[in-house]
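See below for the structure under consideration.
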Amino acid sequence: MAKIIISALLCLAMFGSLAQAAGPSPCREANGTAPVSGSCDAYIECRNGVAEEKLCPDGLLYNEKSTGYPCGYPIDVECTQKSARLQAAQPTDDCPHQFGYYRIGDSSSCGQFMNCAAGRGFVFDCPEGLAWNPATYKCDWPDQVEDCDAEKFLGFRCPAPAHKSELLGEQEEDYTFHPSSDNCQVYFICIEGRPRRIGCGEDQAFNQELKQCDDIDNVPNCSADIQAKGAEIKAARAKAAAARPKATAPRSKY
């Protein structure tokens with residue numbers, strides 16, 4: 001009997017030492033994910049309490065706050081790991097990483113970007129006059145993009161600000177308006193010496209007196225082609241409006 005008790009105690013001691021060696025489970029819950037210490041793109045996936053270390057696709061990081069797919073773009077992930085390591089890049093002919101958004105061109109050509117998915121690049125254009133901002137993953141005013149030369153990109157150089165008179169004090173305007181030299185439907189706003197391109201509607205043009213877009217009939221400096229196109233668009237809109245059925249008032253019950 002004593003031998004049986006001693007054997008049992010030995011077994012319990014051995015099991016306890018093995019459990020201690022294995023350490024605590026990395027799973028916070030039976031099913032879910034957890035970060036890997038010292039890494040921004042690796043994570044622990046737990047299924048029914050069983051932990052397995054996994055790696056996000058190249059270019060993505062582990063997003064601890066995600067309630068769905070655990071990997072996301074770097075702009076959406078706050079990795080606070082110290083000296084965090086990342087997997088080696090897996091570039092292709094199109095992309096520097098398998099996944100991500102990347103600007104195309106140099107400081108004078110900032111309006112395109114590439115979306116890389118599984119190493120394949122898809123090129124997109126920002127709306128005219130806007131530049132791709134890698135800091136926000138959005139198309140933005142070129143003067144708000146750090147490495148974009150707004151003047152070269154837009155092809156417009158802001159004139160030097162007017163001389164400030166000591167008698168008149170500071171200039172009242174923080175920005176100035178300037179018409180495009182080759183398109184009456186476009187103008188530029190200069191903010192702190194850097195331009196932004198503004199386009200008017202198809203039946204409008206920039207009115208220098210009002211410093212805003214106006215009915216194209218009120219802007220005499222537009223070319224005949226632009227005026228004809230504007231008149232055509234206005235006529236088409238008027239025809240479409242006339243063809244719409246008019247709403248009738250409901251009949252009274254009394």
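Worth pointing out:
- Fully extending the segment from residue 192 to residue 88 would add 33.3 nm, taking 0.36 nm per residue of separation and subtracting the current Cα-Cα distance.
- For the range 65-134: rounded, prolate or oblate by the Cα gyration tensor [a/c cutoff 1.5]: prolate
- Residue 132 long-range amide H proximity, modeled H, under 5 Å: 111, 112, 140
- Note on surface exposure: 152, 234 rank 152, 234 by accessible area, highest first, 1.4 Å probe.
- Of the two radii for the range 100-154, the radius of gyration is 0.97 times the Kirkwood radius, both from the alpha carbons; that is the Rg over Rh value.
- Counting only protein heavy atoms and a probe of 1.4 Å, the accessible surface of the range 166-242 is 47% carbon and sulfur.
- On full extension, the segment bounded by residue 29 and residue 123 gains 29.7 nm, given 0.36 nm per residue less the C-alpha separation.
- Karplus (6.51, -1.76, 1.60) ³J(HN,Hα), θ = phi - 60°, over the range 236-241, in Hz, Gly and Pro reported as x: 5, 5, 5, 5, 5, 5
- Global form of the range 32-76, assessed from the alpha-carbon gyration tensor, a/c cut-off 1.5: prolate
The values are calculated or read from the model by the stated rules, or taken from the named source; none is laboratory data. Bear in mind the structure is a predicted one, so any value in this text is a computation, not a measurement. What goes into the accessible areas is simple: the full protein's heavy atoms, side chains included, and nothing from ligands, DNA or RNA. Shrake-Rupley method; radii C 1.70, N 1.55, O 1.52, S 1.80 Å.
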